[in-house]
1. Please give the FRET efficiency for Q369 paired with S208, using the beta carbon to beta carbon distance and R0 = 45 Å, rounded to the nearest 0.05.
2. Percent relative contact order of the chain, based on C-alpha pairs within less than 8 angstrom and at least six residues apart?
3. Using only the alpha-carbon atoms of the range 191-348, report the extent along each of the three principal axes, biggest first, to the nearest angstrom.
4. What size of dipole, in debye to the nearest 20, comes out for the range 33-184 about its Cα centre when the only charges are +1 on Lys and Arg C-beta atoms and -1 on Asp and Glu C-beta atoms?
5. Could you work out the Rg to Rh ratio of the range 1-136, with Rh taken as the Kirkwood radius (inverse of the mean 1/r over all Cα pairs)?
6. Within the chain, how many lysine pairs that are 8 or more places apart, or on different chains, have C-alpha atoms less than 20 Å apart?
7. What distance in nm separates the simple spin-label points at T76 and D315, each placed 7 Å from Cα in the Cβ direction?
8. Report the Cα-based extents of the range 80-203 along its three principal axes, largest first, to the nearest Å.
Amino acid sequence: MASYYVTQSGSGNGTGVDASNTMSVSTFHIISSFTAGDEILFSGAFATEINISQGGIAGNPITYKGTNGSFVDDGTAATVTVSSSDDAISIEANHVLLENFAVTNNGSGGCFAVSGSIDNASDANDSVHLRDCIAVANNGDGDGFAIKSASNSTTQATFTRCEAQSITGVGDQGFTNHNEQKSYLIDCGTTSTCQLPIAAVGDLIDISGGTFRNGGESSDLIYVDGASSLVATDATFIAQGDGASANIFSTAADEVNSITLNNCNLTQSVSATGQNLLQGLPGSGFYMQGGELNIDSTASAFIKILTDGVEVHLDDVDINIHTLGQKVISSGADASVIVENSSIDYSDASYSAHTFIADNNTGSNTSYQISNNVIHGGNDIGFIKTHLNTLNTYSVSGNTFRDFTGSRALFESSDTSDNTGTLYAANNVFDNIPDVLSGEANVTLTNNMYINGTPLESIDTSSPVMVPIPSIAWLVMALCLILIVYKRAK
């Protein structure tokens, strides 16, 4: 393994063999003798593009690393600042590790780019690996970190602890892949000055950890297109943009596109009033397991389903609703929605015309399954509002609804007897709910429990009801029995 030293203009004899004889960037570009295991150290500020065309072998990459002024790896980044239509740093070889660079491109090119012509689908996920790199700024038409477009690409890359900061041009993306390939983001992030933090166009974007923010006007935080899947685990997403198109996520039409979030935290701020739009071919959807969903937006619908076959599944999610719009979930298509094992907290909500589920498309046929949730704290808030002439089915079972106040009913049925839409509520607990139901056509209520409220169904008395006796009562009864026996014995 050999070490080589690079500065912008070079020094000494320019061979790059030590820190006193550094090679220039122009010399670096023409050397072809780097081999697997070599370490190329960059120090200082660079004002020209850096093109990496040589890589190592599987398990033994060539490392290109930014260092401090003494070529010591202490976390100090080498800086690259250009105004170019080309990418500031481009990687065109397999088995490359790029570390510790901070890049600004004031032109129309991007900051960091991985060529889509690298054939590494059969190699390790990190055979092309960018680590501890920062896309400082780009306000032209380039991306922060990108896998570039190429015909029949099989390129994959891994990004670890990378950050896209001020990526502000219209259509600019913090992290994106432009091909049918996979990319991996580990503990990466974006700042609120990033226009579109994540764009998934390839086969898969796999995210582990990290915090992603956006603050651009009318921008998504996550956009999925090109028959892609985005999977994130233990990550945080915060939509801080402005306007009616600023939101957390959306999927494109005409392909199967999906978003799966595991133990993630999502927040849509009050300034971001855009709907999170779901569309695509059957099998597309939004799936969230665990984590938190914080809605502080006045969007007319937080999740809006646009095309048939789309699925929404929220499982074991803490849903906190603050300042809010007219509804959380709305479908205008034949779709499937499951909300289960979750907590839905309205205690801080401040919008009285809100309904958790409400549709407005005549003829839509969406199946809603709402089960085993705890929903509480609503003031003049409805939970389900059915729409006239839809074919929707609403199955509401095993939930606990408590502490709803105001004049609105929990369930507002607009169905009529000639509709085929139905609302079925069974085995729920309604605790301190002044008005459970408005409208009765095509509504079935069965085996529900009413606490501090008026039952809306007859109680089945065909079999005896066993009422559990608290353990303290058994103790009191035992003491009384002992006293009786004692008195009789005397």
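Every number here is computed from the coordinates shown, using simple stated rules; none is lab data. Treat the numbers as computed from the prediction; the structure is a model and nothing was measured. Every residue, glycine among them, receives a Cβ derived from its backbone with ideal geometry; neighbour counts consider all protein chains shown.
1. On the way: r = 30 Å, r/R0 = 0.67.
Result of the calculation: an efficiency of 0.90.
2. 5
3. 37, 33, 27
4. Charge dipole of the range 33-184: 100 debye, to the nearest 20.
5. Numbers: Rg = 14.0 Å, Rh = 14.8 Å.
With Rg and the Kirkwood Rh in hand, the quotient comes to 0.94.
6. Working: K148/K182; K304/K327; K304/K385; K327/K385.
Close lysine pairs found across the chain: 4.
7. Taking the simple label geometry, T76 and D315 are separated by 5.1 nm.
8. Between the extreme Cα coordinates on each principal axis of the range 80-203 lie 35, 27, 22 Å.
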